[in-house]
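These notes concern the structure reproduced below.
What follows is calculated from the coordinates using simple rules that are stated; it is not laboratory data. These figures come from a predicted structure and were not determined experimentally. Using ideal geometry, Cβ is built from the backbone for each residue, glycine included, and neighbour counts are taken over all protein chains shown.
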Number of protein chains: 2
Amino acid sequence: MDLRTRNKQATREAISRAALRLAVEQGPGGLALVRVHDIAEAAGVSPRTYNNYFSSREEAICAFQADQSKRAGQALRARPADEPLDQAVIAAMIELYTDPEPDRAGLRMIMSTPELEGEALKAFSMAEGPLAEAIAMRTGTDPARDLFPAVMAAAVAGAVRVAGRHWLEAGNAESFAAVLRRALSCVVPADVRNLTTKDR
Amino acid sequence: MDLRTRNKQATREAISRAALRLAVEQGPGGLALVRVHDIAEAAGVSPRTYNNYFSSREEAICAFQADQSKRAGQALRARPADEPLDQAVIAAMIELYTDPEPDRAGLRMIMSTPELEGEALKAFSMAEGPLAEAIAMRTGTDPARDLFPAVMAAAVAGAVRVAGRHWLEAGNAESFAAVLRRALSCVVPADVRNLTTKDR
DNA sequence: ATCTGATATTGCGCGCCGCGCACTATATGC
DNA sequence: GCATATAGTGCGCGGCGCGCAATATCAGAT
């Protein structure tokens, strides 16, 4: 990859990290106190530059989650091709979202701050497109006709979100991986054939 | 209900309707041209009053979808108690979202305008809470321990969203009810017992 | 090592937005 | 018909997003 591009990504990440850190410092109640000026300063960049990378504080704060979700497709595609869909999806999502174990404070910030709700949903739902594509590949279905890939992708993304919420509310009782597996088991059918055929 | 409250709701709806109408007029590309001033004027209200009801144009535009989603719980609860979960959910969602058949232009506006993406996701996801509660009632599960109700609710809301997108992209080939049924069939298990037991 | 062209960063300024506050208009319930 | 809670409004402030043009920075060729 181009060095120039790498520097850009570094700047982007610096801004994003600064934004999330400052937001976490204020807690879910004080998002209004996180000024663009502060984010830019903490990232060592001018306010105008901050706005070249993100068009809202919310977007900057949730950027990490968004980027992670975008990798959902490749995570599933990385699973062995002969693995059953349900196992592949569960393994892929656990790998994607628990490497490393999520930051509690950060996740709590983006998931329980009303002003961030829309952006957080956007961040998680960014997994849907790539995921649907990967699922379609695996099941050999045509995304234009079959609803199954897109619906399943949305269900998986939703399960991840619910798992996150539950993991935040419960204490350290369970690892996120365990919660995630439980959640995904509710929507990823062990045998998917009867559903796809019904859907054709 | 109090008359005063009804007038408030009427005002709220007037603003919301005006906002959506103006947005549709500009199309998904020109949301920036929909000024608060115009919305307020079209609703016969001062800009300041508009802001007493909605804290952003996006929220005003998506208010109808949001309100509809909020009724998901009662829609499911209105189904006969002895009806199997899968049939009840499908029937309830079809009743809720196809009475009347959705407005194509309006739905297209909120679902394919990038600036509205977050708010639209919020609107659809507002069904999840009430829906999860109703599902928990039906299945007799404890939402605090079992993930199933919340996960299923998220999956259903996601399926509705995907169905909407598909219905917009396809022409008049299918009624929305038909698409909705197909989408929901992908995630609502015909026999839910094996999943709930696995989840306990 | 130097130059050069591309590109990232920045400063400035405009228009709009969300909202707190205080005031006014309204009509509900007595 | 009146008192009073409540909805609507005008004003003003601070902040934000972004277009534009100038500047700084750096990769790559010579």
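Tell me which of A:Pro80, A:Ser112, A:Gln9 sits at the most positive position along the dipole axis of chain A, charges placed on C-beta atoms (Lys, Arg +1; Asp, Glu -1).
Comparing the listed Cα positions along the dipole, A:Gln9 ranks first.
Taking +1 at the Cβ of each Lys and Arg and -1 at the Cβ of each Asp and Glu, which of B:Pro47, B:Val36, B:Ala157 sits farthest along the dipole of chain B towards its positive end, judged by Cα position relative to the Cα centre?
Going by the Cα projections, it comes out as B:Pro47.
Per residue of B:117-124, count partner chain C-beta atoms within 10 Å of its C-beta, then hand back the mean as an integer.
What the average comes to for B:117-124 is 6.
How many Lys pairs in the protein assembly as shown lie less than 19 angstrom apart by Cα atoms, where the lysines are 8 or more positions apart or on different chains?
Working: A:Lys8/A:Lys70; A:Lys70/A:Lys122; A:Lys122/B:Lys122; B:Lys8/B:Lys70; B:Lys70/B:Lys122.
Within the protein assembly as shown, the lysine pair count is 5.
Using unit Cβ charges (K, R positive; D, E negative) and no other charged atoms, how large, in debye to the nearest 20, is the dipole of the stretch A:3-61 about its Cα centre? Don't jump to the answer; show the numbers that get you there.
Details: 9 positive and 6 negative charges, 67 e Å.
Charge dipole of the stretch A:3-61: 320 debye, to the nearest 20.
Can you run the Rg to Rh ratio on the stretch B:46-138? Use alpha carbon positions and the Kirkwood inverse-distance Rh.
Result: Rg/Rh = 1.06.
Would you please calculate the Kirkwood hydrodynamic radius of the stretch B:63-199 over all C-alpha pairs and express it in Å, rounded to one decimal?
Computed over the stretch B:63-199, the radius equals 15.1 Å.
Return the calculated 222 nm mean residue ellipticity for chain B, to the nearest 500 deg cm²/dmol, obtained by summing -39500 (n - 2.57) across DSSP H runs with n ≥ 4 and dividing by the residue count.
That calculation yields -20500 deg cm²/dmol at 222 nm.
For B:Lys8, go 7 angstrom from Cα along the Cα-to-Cβ vector, then report the distances to that same point in the other copies in nm, smallest first.
4.9
Put a point 7 Å out from Cα along the line to Cβ at B:Gly171; what are the distances to that point in the other copies, in nm, shortest first?
From this label point to the equivalent ones elsewhere in the assembly: 6.2 nm.
What is chain B's relative contact order, in percent, from Cα pairs under 8 angstrom and six or more apart in sequence?
On the way: 227 pairs, mean separation 41.0, N = 200.
Over chain B, the number comes to 20 percent.
Through the Karplus equation 6.51 cos²θ - 1.76 cosθ + 1.60, θ set to phi - 60°, convert the phi angles of the stretch B:171-182 into ³J(HN,Hα) values in whole Hz; use x for Gly and Pro.
Listing the rounded values in order: x, 8, 4, 10, 6, 5, 4, 5, 4, 4, 4, 4 Hz.
Among B:Glu169, B:Glu115, B:Glu133, which one shows the biggest mean-square fluctuation in a GNM of chain B, springs joining Cα atoms closer than 10 Å?
B:Glu169
I need the fraction of alpha carbon pairs in the protein assembly as shown separated by more than 42 Å, rounded to a whole percent.
The answer is 12 percent, as a whole percent.
How large is the charge dipole for chain A, taken about the Cα centre, if only the Cβ atoms of Lys, Arg (+1) and Asp, Glu (-1) carry charge, to the nearest 20 debye?
Here the size comes out at about 280 debye.
Under unit Cβ charges (Lys, Arg +1; Asp, Glu -1), what dipole magnitude, rounded to 20 debye, does the protein assembly as shown have relative to its Cα centre?
300
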